[in-house]
Amino acid sequence: MKKTIEVLGQVRGILCDIDGTLYSERYPTLGAIDTFSELGKTGIKLLFLTNTDSKAPRTVYRKLMDFGFSVEEKEILKTKINWILF
């Protein structure tokens with residue numbers, strides 16, 4: 001655990017895929033809610049990426065909130081937008 005904390009101390013941000021990582025179909029992935037809740041307390045910048053064109057980021061945000069994730073809508077980015085910004 002000490003080593004994990006040392007490594008996290010060097011991390012400034014985390015990019016995380018949403019579908020299949022945070023949830024699959026109708027259920028959150030085991031441990032994902034607690035993990036990202038704890039990461040949020042560290043001050044590490046979290047951004048969540050989706051390549052789902054059929055759903056608006058607001059829809060994805062609401063789904064995550066319904067599951068119990070503590071995220072902000074502005075932290076959810078669509079992949080195409082990310083490529084344009086990059």
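Using the per-residue mean of other Cβ atoms lying within 10 Å as a proxy for protection, in what order, highest first, do the peptides 24-37, 56-69 fall?
On the way: 24-37: 12.3, 56-69: 15.6.
Top of the packing list down: 56-69, 24-37.
With θ taken as phi - 60° and the coefficients 6.51, -1.76 and 1.60, list the Karplus ³J(HN,Hα) couplings across segment 37-47 in order, rounded to whole Hz; mark glycine and proline as x.
Per residue, the Karplus-derived 3J(HN,Hα) values read 5, 5, 4, x, 6, 7, x, 5, 5, 10, 10 Hz.
Whole-Hz ³J(HN,Hα) for each residue in segment 11-16, computed from phi via Karplus 6.51 cos²θ - 1.76 cosθ + 1.60 with θ = phi - 60°, x for glycine and proline: what do you get?
Once θ is set to phi - 60°, the couplings for segment 11-16 become 8, 9, x, 10, 9, 10 Hz.
Pull up all non-local amide H partners of residue 16: gap of 5 or more, or a different chain, and H-to-H distance under 5 Å with H placed in the peptide plane.
The answer is 47, 48, 49.
Would you please give the FRET efficiency between residue 19 and residue 45, computed as 1/(1 + (r/R0)^6) with r the Cβ-Cβ distance and R0 = 22 Å, to the nearest 0.05?
On the way: r = 21 Å, r/R0 = 0.95.
Working from the Cβ atoms, E equals 0.60.
Every number here is computed from the coordinates shown, using simple stated rules; none is lab data. It should be emphasised that the depicted structure is a prediction, and the values quoted were computed from it without experimental measurement. In this analysis, Cβ positions are derived from the backbone assuming ideal geometry, glycine residues included, and neighbour counts consider all displayed protein chains.
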